[in-house]
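The values are calculated or read from the model by the stated rules, or taken from the named source; none is laboratory data. Computed from a prediction, not measured in an experiment: that's the story for all the values here. Virtual Cβ from ideal backbone geometry, glycine too; neighbours counted across all protein chains shown.
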Amino acid sequence: MPGEKPRAMPGLVAVLVVLVAASAAQEDVTDHILNSLSRAAAFLESEHENINLDGVVGYLILQAELKEAVRTWPHSDPLSWAQRTSTVALLRRLDQSLAKATLALQRHDPKYYREFEPLLDWRFWKVPQAWGSTDPSLRYASSQPSECYDEQLSDSCMTLLLGTWKQKGTPCIVTESCRDTMTMFDCPLYSLSHQLLYFLIASMKGCSSLLKGDVRESRANLTEADYQKIFCSNMMSSNQEALKTGLNAHTQDIFIENILLCGLAGFSDFYKPDWLQHILRLQDPTSGCFGRDERAMSQIMGEELLEQLRPPPPPPRRVKRREKTLRDGCSSHVTGVAVSALGGYLNYQLTEQDITKRPLAPPSS
């Protein structure tokens, strides 16, 4: 009738409401991640002299992830563009702090620094460009009750890949021992995650023929991608089991490490929203680190009271790579894996916002 306002189509209104709500939810998640990473950057700025190699590598993976995020940030609304601006500012802070942290590593442990130097450059770390999912049918019927091998063997196999096993060493060397160890099935926890890390490093280093010489009939048709899918399918099972029994100080580290590594391998089903909340809750609101251990902090404070009664300490020995508790009770390793896992979440979040991911410019050096 004349003068009567046209009524909106109910179906269209409902669709618009859902789209607006989804957009707001994505922006909210992005803000939470960026706020968390900003606090973690402040922690690195204050602890760059003390953080261990694992922690520095975690921040370097984050650096690579943020550079990719900035390069491919979706062209959208002003709020999203403001988030990109915040990410650029965060990157500048990381660039400065990581340069100092890397130099500190070189001073404190030059041998260990040389062995893993290729990993200490954000350009080494490749961000996934395609996504897949794990397969529950690939999960092991059971896992071995203890780790399959130790960190020393893992480090040795990785330096053979990196070419740092000696001065000017040849890279991409795969010994029979390393190949058999890194393709062993039924391994649990850190052995399993380091098997995947071995394959990731080989891929990022450009090592081909990783499985050459494997004459086992049962493995004849398995490719490197197959192994990554097998490992991540079992790391998914490990994470789900950890949540069933309840995350604690012993399981939260491997829980986040699995998210980080399988996210880097391109398995998007590790980027679950509730798993993101588990990571964010682990961050100390004051220091910005992750995995703060109050018992360790109390012990450190007690040791400070006794310090003047002790004889002078011996020359420093190599610090175990996996863990280092800093003076405020913060875990260097957990912080490193947490920030790089969050960077993975951010990149996947942006992929979900805009699947076209039109590049803005090449990443700066």
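Some values worked out for this structure:
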{"read-out": "Members of region 244-288 that are in a helix (DSSP H, G or I), farther than 26 Å from HIS48 by Cβ and free of Cβ contacts under 8 Å to residues at least 12 places away in the same chain", "value": "LYS244, THR245, ASP274, GLN277"}
{"read-out": "Residue in region 248-264 that is under 26 Å from THR351 (Cβ atoms), among the acidic types (Asp, Glu) and buried (at least 20 other Cβ atoms within 10 Å of the Cβ) present", "value": "yes"}
{"read-out": "Region 215-254, residues that are of a type in the set (D, E, K, R), at pLDDT below 95 and more than 23 Å from ILE201 (Cα to Cα)", "value": "ARG216, GLU217"}
{"read-out": "Single unsatisfied condition, LYS212 versus (1) modelled with pLDDT under 95; (2) outside the structural domain of SER137 (by TED's automatic domain parsing)", "value": "(2)"}
{"read-out": "Residue check for PRO359: at pLDDT 80 or above and not in a helix (DSSP H, G or I)", "value": "no"}
{"read-out": "Filter pass, LEU280 being surrounded by fewer than 19 Cβ atoms within 10 Å (Cβ to Cβ), of a type outside the set (Gly, Ala, Ser) and not assigned by TED's automatic domain parsing to the domain that holds PRO171", "value": "yes"}
{"read-out": "Looking only at region 234-261, and only at residues there that are of a type in the set (Gly, Ala, Ser) and over 17 Å from the mean Cα position of the chain (by Cα), the one that is farthest from GLY343 (Cα to Cα)", "value": "GLY246"}
{"read-out": "Any hit, region 180-201, residues being in contact with a Gly (Cβ under 8 Å, 6 or more places away or on another chain) and in contact (Cβ under 8 Å) with a residue 12 or more places away in the chain", "value": "no"}
{"read-out": "Tally, over region 135-149, of residues that are over 13 Å from PHE185 (Cβ atoms) and either in contact with a Lys or Arg (Cβ under 8 Å, 6 or more places away or on another chain) or outside any loop (DSSP other than H, G, I, E, B) (or both)", "value": "3"}
{"read-out": "Any hit, region 105-114, residues being of a type in the set (D, E, K, R), modelled with pLDDT of 95 or more and not in a helix (DSSP H, G or I)", "value": "no"}
{"read-out": "Lone qualifier among THR170, THR159, THR164 - being in a helix (DSSP H, G or I), modelled with pLDDT of 95 or more, farther than 23 Å from PHE267 by Cβ and in the same structural domain as GLN228 (by TED's automatic domain parsing)", "value": "THR159"}
{"read-out": "Residue selected from region 26-52 under the condition touching a helix residue (DSSP H, G or I) at 6+ places or on another chain (Cβ under 9 Å) and acidic (Asp, Glu), by the criterion surrounded by the fewest Cβ atoms within 10 Å (Cβ to Cβ)", "value": "GLU49"}
